[in-house]
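So the structure is just underneath, and the comments pick up after that.
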Amino acid sequence: MPTHYRACNLCEAICGLAIEHEDGKILSIRGDEQDPLSRGHICPKAVALQDVYEDPDRLKYPVRRTANGWERIGWEEAFDEVATNLRKVQEKHGPDAVGAYFGNPNVHNLGSMLFSGAFSKALGTKNRFSATSADQLPHHVAALTMFGHGLLLPVPDVSRTHFLLIIGANPLVSNGSMMTAPGFARHMKGIQERGGKVVVVDPRRTETAGKADTHYFIRPGRDALMLLALIHTVLKEELVELRHLKDIVTGLDEVEKIAAGFSPETAAPLVGIKADDIRRLAREFAQAPSAVCYGRMGASTQPFGGLCQWLINVFNILTGNLDREGGAMFTRPAFDQVGFTGSQGKTGIFGRRRTRVSGLPEYSGEFPVAALAEEILTPGEGRIRAMVTVAGNPVLSTPNGNLLDEALAGLEFMVAIDIYINETSRHANIILPTTTGLETEHYDVIFHLLAVHNTAKYSPPLFEKEPEQRHDWQIFQALTERLSGQAGNNMQPGPMLDFALRSGPYKLSLKQLIAEPHGIDLGPLQPCLPGRLFTPDKRIPLAPDIFVQDISRLKAKMGSWKKVTSGDFPFGLIGRRQLRSNNSWMHNAYRLVKGKERCTLLIHPDDAERVGVEEGQEVRVVSAAGAIEIKAELSSEMMPGVVSIPHGWGHSREGVMMNVARAHPGASINDLTENSRIDALTGNAAFSGVPVRVEPVSPALR
Ligand SMILES: Nc1nc2c(c(=O)[nH]1)N[C@H]1C(S)=C(S)[C@@H](COP(=O)(O)OP(=O)(O)OC[C@H]3O[C@@H](n4cnc5c(=O)[nH]c(N)nc54)[C@H](O)[C@@H]3O)O[C@H]1N2
Ligand SMILES: Nc1nc2c(c(=O)[nH]1)N[C@H]1C(S)=C(S)[C@@H](COP(=O)(O)OP(=O)(O)OC[C@H]3O[C@@H](n4cnc5c(=O)[nH]c(N)nc54)[C@H](O)[C@@H]3O)O[C@H]1N2
Ligand code: SF4
Ligand SMILES: [Mo]
């Protein structure tokens, strides 16, 4: 029976799959034991690649919205109509009147990675947005200012570390993020077996926390304070060991000055972790043979996300754990996006421009997505009148989705490049659908760059696309041609990838990768500093101005944290990723949504009692932005005072044409999150800790 080997491109783990198939039918999808990175690991979402492939709701040809519903149109007609309408808006209102939003699957798609840049350029608008600012923007800003390149991101060397401190991440469920570590459970066990320790700091006792050696609850959004107290301790107790970075690290004095004001005793009552515990954590971390502090969504999507990611780097550096085996290391990818974009990655592309309405900073040619709705809705010069969305569902994925929903409904023109008619694309005048998953060839440009081990893997398509279908890159190419008025150069992903591989550090070729369908092992992460730095002086500034200045905002906020008032919104709301869910778009796979309802509000039993809510009861959750109704699930996993709702649900909006998802709609947490609640430094959405209240809507069940 033929077996096809490929990398799963659904999440960041890029697991190797072995897919048995016959006559165009999939018989089984298993983990590929011979994949040098994932070694057989897969998660329950992998089989949904088949479900998406076979999904009758998936679009395969362009459609136009009319008064009588969606009608099929031809590709040429669709491309012409899209280009003409976008240009019309730009001629009338200026180039920035067209906005563009790029969603998460773009970075999991080789063709999009290679062709979306030219498309963006042809669009010629400053109003570009992406999921980055609802996710990991603080990591980029910290990397850019400290290491000189926004993509030079330290990755925890989990296969060799002796101490892993996880702040606001749940890799046993998410399968790792900005840390491609398929089979994270194996790494975690490895740490524990070699006598090491895993510590988790999270307002919920997550799946990862449950398997860790120690878990500390923390009040949402206050991690920066805890990190400052950890740094305070290593400085005060003279545990600083800069090792080989001694001569290239600058600004230590300034860090000392700042950290002096944040003792464990100052932080403890505000974060909810005892001063002794903070002190012990700092000591154990600094004294471990190697250690790494890793912070993800929970440490990024909060009001001090920028400070958190900066301080995490500082903590790793001060304890001698940056660029050390078992510490925070940099990859050496076969397709070296960092090397290629070196000059553009340099300091200066953060904050060069600001958004029109709220003055939020640009990063790498994009504005924070929290500003998108107001940029569409606020009258005046520079207003966005037309939108392009590409592989994104911002109505469900960005803060205050309802406001964006309203904004999209009022546009002069919208095109969605997407495979479904969903909460966002339903507003489009034209939807241009793409191939996806098994119909595409794949090389992961981004996630090899963030992997815990250097490997390279190319996957050819398993199935030929149908003649009427188009790949993402073909759509980009067709629109780029029309928008720029220049004939295409007939580029194709394969030769472009081959060129990038040949120019990369291992001088590989596409042919070599094709000959190794399981992937090529390029070895463990290696120390590479100062050589790999992109800072102009090849030094690492420990105290970049933007972060130093932001400390006063933290201090101001601490005042309000000291007051114990419950007010209208006594709870802090956080999110929750689930193994069988992938952001907003995989709920049309029955295998992933069947069974017990998962879009529930987790609440601590004591809190539930206080607000008069019982297990399974329908509750109303209210924030300053809106209200949703949802079932309560009582759980002592939650820190008292904190409640949790998973994101990506809320499929009952009118016109959504995803039948399975509509039957399991859930409610959208982003109808509660506020677009004004951001990390004021980076502009990243601050999903964590949204103030809410919880009230019963139906009478108690008993
Ligand atoms: N409250 C809250 N909000 C969050 C988060 C959270 O934790 N809490 N997480 C945030 C994070 S980390 C992220 S990354 C964002 C994600 O935000 P988005 O990227 O906006 O949302 P997705 O749900 O990933 O939507 C992906 C879209 O791409 C389409 N699609 C899938 N495959 C393809 C393809 O191959 N080609 C094309 N053209 N389209 C395709 C899907 O149909 C769907 O419409 O959400 C963010 N929002
Ligand atoms: N199954 C599944 N896997 C996924 C995805 C998915 O939707 N489903 N999405 C993918 C994407 S796009 C991404 S970006 C990654 C994200 O990967 P992770 O960051 O590992 O995912 P989360 O589960 O969002 O983890 C965030 C954790 O932070 C905690 N938290 C919330 N607020 C705070 C806070 O203020 N402080 C601290 N210390 N913790 C806090 C939450 O309780 C949660 O456990 O996952 C990827 N993998
Ligand atoms: S963990 Fe991610 S990459 Fe691996 S099988 Fe699951 S969805 Fe695919
Ligand atoms: Mo993400």
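The values are calculated or read from the model by the stated rules, or taken from the named source; none is laboratory data. The structure presented is a predicted model; accordingly, all values stated were derived computationally and were not measured. FYI the Cβ positions are ideal-geometry reconstructions off the backbone, even for glycines, and counts take in every protein chain you see. Ligands, DNA and RNA are stripped out before the accessible areas are found, and what is left, the full protein with its side chains, is counted by its heavy atoms. Shrake-Rupley method; radii C 1.70, N 1.55, O 1.52, S 1.80 Å.
Summary table below
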read-out	value
The range 463-473 - phi-based ³J(HN,Hα) in whole Hz, Karplus 6.51/-1.76/1.60, Gly and Pro as x	10, 5, 5, 6, x, 7, 8, 10, 6, 3, 5
Share of carbon and sulfur in the accessible heavy-atom surface of the chain [1.4 Å probe, %]	49 percent
LEU579 paired with PHE499, simple spin-label distance in nm, labels 7 Å along Cα-to-beta-carbon	4.4 nm
Peptide ranges 9-18, 618-627, 30-39 listed from the most packed, as the mean C-beta count within 10 angstrom indicates	9-18, 30-39, 618-627
Ordering of 475-481, 129-135 by packing [mean C-beta count within 10 Å, highest first]	129-135, 475-481
Cβ crowding within 10 Å averaged over residues, with 387-395, 351-359 ranked highest first	387-395, 351-359
All Cα pairs of the range 3-54, percent lying beyond 16 Å	33 percent
³J(HN,Hα) computed for each position of the range 431-437 - Karplus, 6.51 cos²θ - 1.76 cosθ + 1.60, integer Hz, glycine/proline x	10, 9, x, 10, 6, 7, x
Residues of the chain: accessible area per residue with a 1.4 Å probe, Å²	36 Å²
Global geometry of the range 1-154, whether rounded, prolate or oblate, following the gyration tensor of its Cα atoms and the 1.5 cut on a/c	oblate
Share, in percent, of DSSP beta bridges within the chain that are antiparallel, nearest 5	50 percent
Percent of alpha-carbon pairs separated by more than 18 Å within the range 565-696	54 percent
Rg to Rh quotient for the range 542-643, alpha carbon positions, Kirkwood Rh	1.09
Fraction of antiparallel bridges per DSSP, the range 565-696 only, in percent to nearest 5	70 percent
Protein-only accessible surface order, largest first, of ARG610, ARG280 at 1.4 Å	ARG610, ARG280
Simple Cβ-charge dipole of the range 1-69, Lys/Arg +1 and Asp/Glu -1, about Cα centre, in debye nearest 20	400 debye
Centre separation in Å (Cα based) which lies between the range 600-618 and the range 284-327	35 Å
Heavy atoms of GLU256: accessible area, 1.4 Å probe, square angstrom to 10	80 Å²
Full-extension gain in nm, GLU516 to ARG662, via 0.36 nm per residue minus C-alpha separation	48.4 nm
Charge dipole of the chain about the Cα centre (unit charges at C-beta), most positive-ward option of ALA97, LEU235, ILE475	LEU235
Estimated distance in nm for a label pair at ALA624 and VAL357, the labels positioned 7 Å out from Cα along Cα-to-Cβ	1.5 nm
Under 5 Å, built H, 5+ apart or other chain: amide partners of MET414	MET387, ASN429, ILE430
Set of aspartates and glutamates near LYS211 by C-alpha distance (under 18 Å), chain-local residues within fewer than 8 positions excluded	GLU193, ASP202, GLU637
For the chain, alpha-carbon Rg over 2.2 N^0.38 Å	0.92
Rounded Å value of the spacing that divides the Cα centres of the range 99-162 and the range 9-67	24 Å
Calculated from backbone phi, Karplus (6.51, -1.76, 1.60) coupling profile of the range 117-122 in Hz, x at Gly/Pro	x, 5, 5, 4, 4, 5
Anchor LYS25: lysines whose Cα lies under 19 Å away (excluding residues fewer than 8 positions away in-chain)	LYS45, LYS60, LYS465
Gain on full stretching of the segment that runs from TYR61 to ARG186 - 0.36 nm per residue minus C-alpha separation	40.8 nm
Interchain or long-range residues, amide H under 5 Å from LEU165's placed H	VAL199, VAL292, CYS293, TYR294
The chain, dipole about Cα centre (Lys/Arg Cβ +1, Asp/Glu Cβ -1), debye to the nearest 20	1020 debye
Pair GLU265, LYS25: separation of 7 Å Cα→Cβ label points (nm)	7.3 nm
5 angstrom amide H check on ASP35, placed H, neighbours 5+ away	GLY40
Cα-based Rg of the range 223-278 normalised by 2.2 N^0.38 Å, two decimals	1.20
Cα-centred dipole magnitude for the range 565-696, charges only on beta-carbon of K, R (+1) and D, E (-1), debye, nearest 20	680 debye
Two-site FRET efficiency, GLU237 against LYS562, from Cβ-Cβ distance with R₀ of 41 Å, rounded to 0.05	0.95
The range 310-432, Cα convex hull volume normalised per residue, Å³	175 Å³
